[in-house]
1. Of these, Arg67, Arg82, which one is closer than 27 Å to Ala156 by Cβ and touching a residue at least 24 places away in the same chain (Cβ under 8 Å)?
2. Here are the criteria: (1) touching a residue at least 12 places away in the same chain (Cβ under 8 Å); (2) surrounded by fewer than 19 Cβ atoms within 10 Å (Cβ to Cβ); (3) among the charged types (D, E, K, R). Tell me which single one Lys106 does not satisfy.
3. Does segment 141-177 hold any residues that are at pLDDT 95 or above and aliphatic (A, V, I, L, M), and which are they?
4. Going through Val21, Val6 one at a time, which residue ends up being surrounded by 12 or more Cβ atoms within 10 Å (Cβ to Cβ) and within 28 Å of Val119 (Cα to Cα)?
5. Could you tell me whether segment 32-48 includes any residue that is more than 27 Å from Arg201 (Cβ to Cβ), out of contact with any Cys (no Cβ under 7 Å at 6 or more places or on another chain) and buried (at least 18 other Cβ atoms within 10 Å of the Cβ)?
6. State the number of residues belonging to segment 3-39 that are of a type in the set (D, E, K, R), under 19 Å from the mean Cα position of the chain (by Cα) and in a loop (DSSP other than H, G, I, E, B).
7. Mind checking which pairs have a first residue in segment 170-187 that is buried (at least 21 other Cβ atoms within 10 Å of the Cβ) and a second that is in a loop (DSSP other than H, G, I, E, B), Cβ under 7 Å, 6 or more apart or different chains?
8. Give the residue that is farthest from the chain's Cα centre (by Cα), with candidates limited to residues of segment 49-70 that are modelled with pLDDT of 90 or more and either more than 17 Å from Gly128 (Cβ to Cβ) or exposed (fewer than 12 other Cβ atoms within 10 Å of the Cβ) (or both).
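The values are calculated or read from the model by the stated rules, or taken from the named source; none is laboratory data. Predicted, not measured: the structure shown is a model, and the values here were computed from it. Heads up, the Cβs are rebuilt from the backbone with ideal geometry, glycines too, and the neighbour counts pull from every protein chain shown.
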Amino acid sequence: MEEPFVIKNFLAGKLCAGVNVYSQLTLQSGELLNECIGRETTGIRLAHAAALPPGFALSRQLYKSFRIDPTKHRPSSEALWRRLRDKNDFPAVNPLVDLTNFLSLKFQICFGLYDLERVHGPAVITLGNENDQYQGIRKESLNFNGKIVLRDEQGAFGNPSADSLRASVNKSSREVMQVLFFHPDDSLQKAILAETFAVFRQFFTMTESRSFFI
């Protein structure tokens, strides 16, 4: 990265965001990654087959603090868990997305994943207005008025429930940003961000990387 990517949190105090930025990512072993995800997701499904995992309470509380009903506009991490629990299905997309989805399940918080070559200029985390809308990934156009949103110079591109097609990560993405959405009272946020950073460095090589909170 020639210059550090800039992102600001205009919702600080109500939302804490952990950010990992990776440059020139290359997967080391797809086979080892798939084996790890398969083993770990099976364990998660067996351990939490009877009840909602406790970590989702904070994600729900985060949504409620913005007057968002988490049963109608589900956190992405909880939607993944319900799909795994009900259908024994973990979506395979590409290595970057798959590992991020697994970590979202493991830590029971929402992750956003963005291709920085598709994000233009400084980005902000803020509350959406009536103009904040985008085409979702394999979804119709979504509106984020009154909801948590990431926005760049071209408009909205991310949200804790559904990211945009415009900034989505594919198998050829090399400049990538993860955003972890925490309730401010989450006592594990530093540990979760650090472990996420370490796990990505375990499965991918990279030329540069940064990890920070906003």
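1. Only one candidate passes the filter, namely Arg67.
2. (2)
3. Residues satisfying the conditions are Ile148, Val149, Leu150, Ala156, Leu165, Ala167, Val169, Val176, Met177.
4. Criteria check complete, one pass: Val21.
5. Yes; the residues of segment 32-48 include at least one that is more than 27 Å from Arg201 (Cβ to Cβ), out of contact with any Cys (no Cβ under 7 Å at 6 or more places or on another chain) and buried (at least 18 other Cβ atoms within 10 Å of the Cβ).
6. Final tally of qualifying residues: 1.
7. Cβ pairs passing all conditions: Val176/Leu25; Val176/Val169; Met177/Phe5; Leu180/Ile109; Phe181/Leu15; Phe181/Ile109; Phe181/Pro160; Phe182/Ile109.
8. Top of the filtered list is Arg67.
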